[in-house]
Ligand code: FAD
């Protein structure tokens with residue numbers, strides 16, 4: 001493509017970003033989480049989300065992190081919530097507690113059991129049975145902004161992409177207003193999926209979930225369990241770098257930059273980053289996207 005015609009090379013298109021964090025397990029992780037949040041906050045994300053551990057194991061930690069985001073920052077937090085391991089009443093109480101804490105945005109998921117992705121889900125007796133039921137339950141409790149998941153390569157338990165898109169349509173009918181995709185590395189996969197979603201009459205934003213590859217082996221293992229494919233070219237780019245973290249970081253930045261800039265050239269303007277609670281790589285990619293830190297209010301010259 002002629003560079004004059006490439007939005008990524010031609011001024012700053014209207015890019016919006018959001019960031020995903022996970023709740024910290026200990027004091028050290030808490031410190032690094034908050035360093036990352038403070039570094040990324042000046043980029044003015046549309047929202048920041050905090051995950052809910054597999055099996056519902058992080059209920060208190062997710063709540064504490066989201067509540068602190070409301071109290072101590074100007075950011076708009078979204079709390080992930082799953083159907084796993086709790087009755088409808090218990091989940092409804094969590095939703096009410098979010099409302100009381102000032103949280104108006106929930107990422108509603110079916111969730112995976114405590115053993116993680118790939119293990120068999122069975123609904124809690126008296127619990128929400130599907131993500132669709134959870135979305136409807138949340139909407140019954142208040143005027144929440146509800147985001148759901150989407151799977152460009154289909155969810156591993158789904159029979160086909162069309163079945164998967166039917167599930168997405170049901171979630172939208174239940175009140176979801178935005179979806180975030182599972183991570184992917186082939187942009188064509190996402191763009192083809194987006195076409196099919198639009199053909200199905202689904203018009204909510206479908207934010208591409210971008211995972212900067214901080215550790216190739218870990219990412220590849222996780223991808224296998226979640227049904228995301230890892231192309232050979234990506235493996236080759238990290239080949240031989242197992243003991244060379246400095247070069248790995250540079251390659252990771254180059255790979256992610258290439259992915260997001262190509263998506264910008266394909267007309268995509270919203271990006272959701274799986275930060276893994278590490279800011280540097282995501283910050284650099286956002287800089288490439290044209291985002292600049294907003295000065296803190298007290299540093300603006302009078
Ligand atoms: P679902 O909407 O449940 O769809 C998955 C499959 O379930 C469908 O393809 C279909 O086969 C079946 N299904 C669902 N609803 C119906 C229905 N109404 N009728 C028929 N079949 C149905 N997991 C966590 O534990 N905590 C998190 O914080 C978390 N955050 C995530 C964020 C994103 C952006 C993504 C993409 C995933 C996240 N996950 C999280 C993982 C997710 O919980 C798992 O992938 C889980 O296996 C599926 O839940 P879901 O809500 O993503 O998908």
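Values in this text are rule-based calculations from the coordinates and carry no lab data. These figures come from a predicted structure and were not determined experimentally. Please note: Cβ atoms are built from the backbone with ideal geometry, for glycine as well, and neighbour counts cover all protein chains shown.
Could you give the nm distance between label points at residue 188 and residue 287, where each point is 7 Å from its Cα heading toward the beta carbon?
3.3
Order 268-275, 100-107 from most to least packed using the mean count of other Cβ atoms within 10 Å.
Per-residue mean Cβ counts within 10 Å order the peptides as 268-275, 100-107.
Expressed as a fraction of 2.2 N^0.38 Å, the rule-of-thumb size for a compact globular protein of N residues, what is the C-alpha radius of gyration of the stretch 157-236?
The value comes to 1.19.
Counting residues in the chain as N, plug N into 2.2 N^0.38 Å and put the Cα Rg over that result.
Compared with the compact-globule rule of thumb, the chain sits at 0.99.
Over all pairs of distinct alpha carbons, what does the Kirkwood formula give as the hydrodynamic radius of the stretch 238-302, in Å?
Every distinct Cα pair counted, the radius reaches 13.9 Å.
Summarise the long-distance tail of P(r) for the stretch 145-302 by giving the % of C-alpha pairs beyond 23 Å.
Cα-Cα pairs of the stretch 145-302 separated by over 23 Å account for 44 percent.
FRET efficiency for residue 217 and residue 60, Cβ-Cβ distance as r, R0 = 25 Å, nearest 0.05?
After rounding, the FRET efficiency stands at 0.20.
Residue 143 versus residue 204, label points 7 Å from Cα toward the beta carbon: distance in nm?
Here the modelled spin labels are 1.8 nm apart.
Beyond 17 Å, what share of the Cα-Cα pairs of the stretch 209-260 remains, rounded to the nearest whole percent?
So the pairs more than 17 Å apart make up 28 percent of the total in the stretch 209-260.
Please report how far the C-alpha centroid of the stretch 71-118 lies from that of the stretch 190-255, rounded to the nearest whole angstrom.
So the two Cα centres are separated by 26 Å.
Ranking request for peptides 59-66, 70-77, 206-213: highest mean number of other beta-carbon atoms within 10 Å first, then the rest in descending order.
206-213, 59-66, 70-77
Take the alpha-carbon centre of the stretch 156-187, take the same for the stretch 1-63, and report the distance between them in whole Å.
The stretch 156-187 and the stretch 1-63 have Cα centres separated by 21 Å.
For residue 258 and residue 122 in the same chain, what is the full-extension length gain: residue separation times 0.36 nm, less their Cα-Cα distance, in nm?
The residue 258-residue 122 span can extend by a further 45.0 nm.
For the chain, what does -39500 (n - 2.57) per DSSP helix run (n ≥ 4), summed and divided by total residues, give at 222 nm, in deg cm²/dmol to the nearest 500?
Result for the chain: -13000 deg cm²/dmol, rounded to the nearest 500.
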